[in-house]
1. Quick check: the angle from helix 248-265's long axis to the longest principal axis of the chain, C-alpha only, nearest 10 degrees?
2. For 90, 241, what's the fewest-to-most ordering of other Cβ within 10 Å of each Cβ?
3. What value, in deg cm²/dmol to 500, does the helix sum -39500 (n - 2.57) over DSSP H runs of n ≥ 4 give at 222 nm once divided by the residues of the chain?
4. With springs connecting C-alpha atoms under 10 Å apart, model the chain as a Gaussian network and identify which of 45, 343, 117 has the largest mean-square fluctuation.
5. Relative contact order for the chain: what percent, with Cα pairs under 8 Å and sequence separation of 6 or more?
6. Run the quick spin-label model on residue 3 and residue 139: label points 7 Å from Cα toward the beta carbon, then report their separation in nm to one decimal.
7. Let me know the volume per residue of the alpha-carbon convex hull for the chain, in Å³.
8. Using Cα pairs closer than 8 Å and at least 6 residues apart in sequence, work out the relative contact order for the stretch 189-304, in percent.
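Where a number appears in this text, it was derived from the coordinates with a stated rule and is not lab data. Nothing here was measured: the structure is a model prediction, and the numbers come from that model. Cβ placement follows ideal geometry from the backbone for every residue including glycine, while neighbour counts extend to all protein chains displayed.
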Ligand code: HEM
């Protein structure tokens, strides 16, 4: 509070006491932050250039832009419960992690960087906790076997992105077989690749609601999937444009990349499966109102593949993502339509690439469903659905109609 009061006398964004404020949020969990501190942070927000509002910053703006932008996004995340607008995007600090531009190349590199940073930071925290170097999030610490599994899986998911970024040396020493050592190397590599502001953004994007150890894992996995969905949406958009422009080879490349990115991310679910059920049950008491049913990127992917049926579009599934729903209502072009229009003339490999993507998405839905059953049992979801029965149904939604029109028509009717 003292540091914040001092800052308010000369509110220069670059001098904001990030470490002190973040430290306090992480010490108690966002749900339990003292009212006085929250009120003072709201005053701080009003002092920002263009302040005096509790609005969410535009997602298209660069995540790593200027200090004022970072501070604005941090406060957007930190004050969500205080403002009464807590939801999935603020829970997962998505405004801080958004790509700076929407073109596919930028989004691709940004996704790889984000994924390795998130996983690097996760193993950094796991190592620090296992070695007694941090007192943060002390409840329900996992046992060493579980921690070893986390290290192994995090290193495995990060490996392809590290290689693409040129951060792993394929000619260097063989990867360590000791999971803790491999995890340490992952963090050291990632840490050395970041600038100071990038390190700050990564640190600020971790605001758990509670002090349970495993919430750290949960948030980092959600964020890594979000970065991947954002990439899938960019690739699918690119495929539609390419196909409509007659560049079928390019369309195939885009869809193949999307399928590859989703398949490559699958072990994130194995990583999340190491979350202790008791830990999940503990912190989810304070996450009510934040559900990935509000994931714009996921629904954008779904609706870029195929126009959702009217009952889904008008249900809670799409009402939870109003901007995406508005795009569908405004006639968003889908890959399904572009493929059907180019049909007689479509590249033979395109159908195969779409099938590959569809099967990767079906596998994602199935694994997600199984994990939810294990973690949640028969409890309702935090997104106002009945929980796993909802997921059991939505996993059957066809990804594309154009590939198997007859099969999909009977599946939808069933
Ligand atoms: C402990 C692990 C998880 C559980 C128990 C779980 C549970 C659920 C439940 C019950 C729903 C239905 C909506 C609701 O009422 O909340 C849902 C939706 C969803 N979840 Fe998860 N989830 C888990 C992990 C994840 C992860 C890691 C992701 C990746 C981002 C994710 C993405 C989604 C998406 C995109 C939806 C919306 C699906 C749709 O509307 O078709 N979930 N989840």
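1. 50
2. Details: 90 24, 241 16.
So the residues, fewest neighbours to most, are 241, 90.
3. Working: 23 runs with 267 residues, N = 414.
So the helix-based figure for the chain works out to -20000 deg cm²/dmol.
4. Judging by the Gaussian network model, the answer is 343.
5. Numbers: 535 pairs, mean separation 66.5, N = 414.
Relative contact order here is 16 percent.
6. Each label point lies 7 Å from its Cα, and together they span 2.5 nm.
7. Values: hull volume 60.3 nm³, N = 414.
Cα convex hull per residue, to the nearest whole number: 146 Å³.
8. Numbers: 78 pairs, mean separation 43.1, N = 116.
Answer for the stretch 189-304 is 37 percent.
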